[in-house]
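Scroll down for the structure; my scribbles are underneath it.
The values are calculated or read from the model by the stated rules, or taken from the named source; none is laboratory data. Small disclaimer: the values here were computed from a predicted structure and weren't measured. Every residue, glycine among them, receives a Cβ derived from its backbone with ideal geometry; neighbour counts consider all protein chains shown.
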């Protein structure tokens, strides 16, 4: 009878191990992510963009992103507008500043 209880307790313990391991893994991951986020905040905009692009390239084995038909049509439209008026542009820095509300011209 005691042996049966031990086996049952052992099986119960085994069933909980994956959850404990997962919790530990998530805690370690969360700690690592927190450290990265802290360091990320100290980077310049350009450095963050470079890191973002590097991370993005690691998300899949390919750098291709599947676009919907609507997204492809919008890109085609924007490209056609640019080709029709190639000098009707603003520098990226100005566009970013406008988006951030620093310059509302």
Is there any pair linking a residue in segment 84-99 that is in the same structural domain as residue 49 (by TED's automatic domain parsing) to one that is at pLDDT 90 or above and in a loop (DSSP other than H, G, I, E, B), with Cβ under 8 Å and at least six apart or on different chains, and which? none
Provide a single number: the residues in segment 64-90 that are more than 19 Å from residue 53 (Cβ to Cβ) and assigned to a loop (DSSP other than H, G, I, E, B). 7
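What do you reckon, is residue 76 at pLDDT 65 or above and surrounded by 10 or more Cβ atoms within 10 Å (Cβ to Cβ)?
On the way: at pLDDT 65 or above: yes; surrounded by 10 or more Cβ atoms within 10 Å (Cβ to Cβ): yes.
So residue 76 passes the test.
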In this structure, is residue 17 in a helix (DSSP H, G or I) and modelled with pLDDT of 60 or more? no
